[in-house]
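J.: Please read through the structure below; I'll follow up with questions.
The values are calculated or read from the model by the stated rules, or taken from the named source; none is laboratory data. All of these numbers come straight from a predicted model, not from anything done at the bench. Using ideal geometry, Cβ is built from the backbone for each residue, glycine included, and neighbour counts are taken over all protein chains shown.
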Amino acid sequence: MHEEEFEILKANIGNLISPNGFFSTSKDLNVALIFAGEDDFENKSILFEIRLDPTKIKNKTIVGAPIENFSRFPEEKEVLFSIGTTFRIENIMYDVKLKIWRVPLTLTDDGLEHVQQHVNSMRKDLAETNPTRLFGKLLINMGQYSRAERYYELILNSLPRNHEDFSSLYHGLGYTHYVRGNYTQALKYDKVAYEIRKQTLPENHLDIARSSLNLGCDYIRNGDHKTAMELLMEALRIRQQNYSEQDHVNIAIVCAAIGDNYIHLCDYENAFNFLTKALEMFKRVLLSEHAKIASTLIKIGNLWEKQGFYDRALEQYHSAHSMAAKIMPSEHPTLQKYFERIVGFYKKINSIDGTMSKSLLIIKIRSIL
């Protein structure tokens with residue numbers, strides 16, 4: 001563990017910690033010590049010791065399962081804990097004999113309700129996703145864009161061109177290129193998905209709205225803002241026709257994209273109206289800390305920056321990064337992008353001095369845990 005992460009861990013003794021994914025452990029101390037490694041100049045060797053008392057766990061959805069009988073390496077005596085498992089950091093102490101930092105963790109369900117809210121939110125977010133695309137979208141959400149692309153290509157190459165999932169896979173490929181900044185490639189794939197859906201689906205089908213939204217965002221990045229606006233307005237119209245409720249996350253997504261396009265058109269009043277509408281709608285239908293809210297804050301920050309309101313812009317950028325750091329893995333590309341945005345902003349206004357450099361370091365440290 002990097003020394004910066006270790007300092008954060010020490011500052012949170014007595015607090016809860018929850019891994020971002022499945023948590024692999026071992027019942028064998030010697031195996032754990034091998035994986036713990038050795039200290040060096042920048043990194044600390046850490047041994048997490050999990051204490052489990054089933055009588056103190058009220059919620060039976062917490063799962064920790066020995067999987068040595070199903071593993072290719074049974075000698076590792078692996079125990080796998082499920083997503084959302086929560087532990088309390090009891091203490092941190094140095095073991096002179098083993099030359100390692102020992103961190104006792106107690107399994108608890110104290111923070112399970114909050115974790116479950118995030119799991120339910122993710123489940124709702126994925127509910128309308130085509131099953132064939134589902135695994136790829138999960139990989140994208142985790143920031144594993146190259147793996148998502150390989151998955152979509154593998155499935156695509158195994159299907160006939162007239163298969164009903166063909167457009168969904170092109171849609172997924174377009175998005176994997178978009179999130180990596182390959183906007184020309186994204187446009188190519190999204191065009192195919194859009195054309196297939198326009199030819200085969202009713203004119204107000206939600207899949208057409210998904211394609212027109214993604215294609216509209218591609219055109220924004222490629223500089224064709226008129227075409228982008230036409231497609232985004234089509235997406236908004238279809239979604240408003242399909243969703244009976246006034247507040248819906250998918251309507252808010254389109255509003256945020258329209259607001260972003262208005263920024264590029266220098267129509268700041270309409271940009272502000274659509275972005276604030278999207279933000280307020282997200283706040284009503286999502287958890288208070290969500291990736292879509294963070295993304296909208298970045299767009300609002302960009303709006304203020306374009307108009308020269310640098311204090312307001314910086315406030316939005318910091319809020320977005322702080323939120324993303326709480327809900328994304330520390331290595332997630334989006335989190336890094338938000339950090340680089342703040343650094344670039346400081347450079348733009350020539351504010352990189354000793355004090356500011358320290359502030360940026362604190363931001364980066366906070367994003368680790």
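J.: How many residues does the stretch 137-168 hold that are farther than 13 Å from ALA193 by Cβ, charged (D, E, K, R) and touching a residue at least 12 places away in the same chain (Cβ under 8 Å)?
T.: 3
J.: Of all residues in the stretch 321-338, which are among the polar types (S, T, N, Q) and assigned to a helix (DSSP H, G or I)? It would help to see each step written out before you state the result.
T.: At the first step, the residues of the stretch 321-338 found to be among the polar types (S, T, N, Q) are 322, 330, 334, 336.
Once the filter is applied, which keeps residues that are among the polar types (S, T, N, Q) and assigned to a helix (DSSP H, G or I), the stretch 321-338 yields SER322, THR334, GLN336.
J.: Looking at the stretch 83-107, which of its residues are in contact with a helix residue (DSSP H, G or I) (Cβ under 8 Å, 6 or more places away or on another chain), farther than 14 Å from THR25 by Cα and among the aliphatic types (A, V, I, L, M)?
T.: ILE89, ILE92, LEU98, ILE100
J.: List, please: which pairs have Cβ atoms under 9 Å, are six or more places apart or on different chains, and start with a residue in the stretch 180-209 that is among the small types (Gly, Ala, Ser) and end with one that is surrounded by fewer than 20 Cβ atoms within 10 Å (Cβ to Cβ) and in a loop (DSSP other than H, G, I, E, B)?
T.: ALA186/ARG180; ALA186/ASN222
J.: Only one of GLY308, GLY301 is at pLDDT 90 or above and buried (at least 16 other Cβ atoms within 10 Å of the Cβ). Can you tell me which? Reasoning before the result, please.
T.: Working: GLY308 fails: buried (at least 16 other Cβ atoms within 10 Å of the Cβ).
Going through GLY308, GLY301 in turn, just one is at pLDDT 90 or above and buried (at least 16 other Cβ atoms within 10 Å of the Cβ): GLY301.
J.: Next question, about the same structure. Against the definition (within 19 Å of ASP218 (Cα to Cα), of a type outside the set (Ser, Thr, Tyr) and in a helix (DSSP H, G or I)), how does LYS292 come out, yes or no? Walk me through how you get there before you give the answer.
T.: On the way: within 19 Å of ASP218 (Cα to Cα): yes; of a type outside the set (Ser, Thr, Tyr): yes; in a helix (DSSP H, G or I): yes.
The answer is yes for LYS292.
J.: Then there is this: For the stretch 140-247, please list each of the helices (runs of 4 or more DSSP H) lying entirely inside it that holds at least 1 residues being at pLDDT 95 or above and buried (at least 24 other Cβ atoms within 10 Å of the Cβ).
T.: Details: elements: 145-157, 166-179, 183-200, 206-221, 225-242.
It comes to 166-179, 183-200, 206-221, 225-242.
J.: If LYS277 satisfies all but one of (1) in contact with a Cys (Cβ under 6 Å, 6 or more places away or on another chain); (2) within 22 Å of LYS337 (Cβ to Cβ), what's the number of the condition it fails?
T.: So LYS277 meets the others, but not (2).
J.: Follow-up. Mind listing whichever residues of the stretch 333-347 are touching a residue at least 24 places away in the same chain (Cβ under 8 Å) and more than 20 Å from the chain's Cα centre (by Cα)? Give the derivation first.
T.: As a first pass, look at the stretch 333-347 and keep what is touching a residue at least 24 places away in the same chain (Cβ under 8 Å): 333-335, 338-339, 341-342, 345.
Result: PHE345, single match.
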